[in-house]
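Coordinate-derived values only; no laboratory data. All values reported here derive from a predicted model rather than from experimental measurement. Cβ sites come from the backbone with ideal geometry, for glycine too, and all protein chains shown count toward neighbours.
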Amino acid sequence: MKTTILHNPRCSKSRETLQLLKDKGEDIEVIKYLDDVPTREELENILSLLNINPIELVRTKEAIWKDNYKDKVLSDSEVIDAMLKNPRLIERPIVIKNNKAIIGRPPQNVLDIL
C-alpha cells in the first residue's frame, strides 16, 4: 500500500516528513501540490480523511489569506475554493495511507498512520 504525501519541497517540515517516511521504508507517492493542484473532489476527500473543517486546513498566516480572505465570513465551499485557487494556503505536509490522513506538523504525527 502506497503512502501519499502532499509535499512542498521548499518547506522544512514537509522535507522532514518525507525523510521520515523514507527512513521508515514506506513506498511513497510524492505529490507536489503547488504544481499538481488537487481537484475539488480530491481536496474534499482529504478533508474527510483528516476529519476537519476546511478552515482548519488553511495556512491563515499566509499573506494571500490575510490580504484576501481574513476578515470575510466564508462558507466551507468558499474556503475550499480559496485553497484550490491558491494552493499555497493548503497546510502541509499531508500524508495519506490506508484511507487515513494526517498533517505532518510536527513530522512525527505521521507515525500514527504508518
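Hey, ILE90 hits all of (1) without any contact (Cβ under 8 Å) to a residue 60 or more places away in the chain; (2) surrounded by 12 or more Cβ atoms within 10 Å (Cβ to Cβ); (3) not polar (S, T, N, Q) but one; which does it fall short on?
Unmet condition: (1).
Which residue pairs have Cβ atoms closer than 6 Å, lie 6 or more positions apart in sequence or on different chains, and pair a first residue in the stretch 17-37 that is charged (D, E, K, R) with a second residue that is not in a loop (DSSP other than H, G, I, E, B)?
GLU26/THR3; GLU29/THR4; LYS32/HIS7
Report, by residue number, each residue of the stretch 20-52 that is closer than 22 Å to GLN108 by Cα and out of contact with any strand residue (DSSP E or B) (no Cβ under 8 Å at 6 or more places or on another chain).
LEU20, ASP23, LYS24, GLY25, LEU47, SER48, ASN51, ILE52, listed by residue number.
Exactly one of (1) touching a strand residue (DSSP E or B) at 6+ places or on another chain (Cβ under 7 Å); (2) more than 24 Å from ASN109 (Cα to Cα); (3) among the polar types (S, T, N, Q) is unmet by THR17. Its number?
Result: THR17 passes all but (2).
Taking the condition of being in contact with a strand residue (DSSP E or B) (Cβ under 9 Å, 6 or more places away or on another chain) and either exposed (fewer than 14 other Cβ atoms within 10 Å of the Cβ) or not aromatic (Phe, Trp, Tyr) (or both), how many residues in the stretch 65-83 meet it?
3
Going by the structure shown, is LEU20 within 24 Å of MET1 (Cβ to Cβ), among the hydrophobic types (A, V, I, L, M, F, W, C) and touching a Pro at 6+ places or on another chain (Cβ under 6 Å)?
yes
Conditions tested, residue by residue: (1) part of a helix (DSSP H, G or I); (2) of a type outside the set (A, V, I, L, M).
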| site | (1), (2) |
| --- | --- |
| LYS13 | yes, yes |
| GLU16 | yes, yes |
| VAL30 | no, no |
| ASP35 | no, yes |
| ASN45 | yes, yes |
| SER48 | yes, yes |
| ILE55 | yes, no |
| LEU74 | no, no |
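Are there any pairs, at least 6 apart or on different chains, whose C-beta atoms fall under 7 Å, with the first in the stretch 59-71 and at negative phi and the second assigned to a loop (DSSP other than H, G, I, E, B) and of a type outside the set (A, V, I, L, M), and if so, which?
ARG59/GLU91; ILE64/ASN86; TRP65/ARG59
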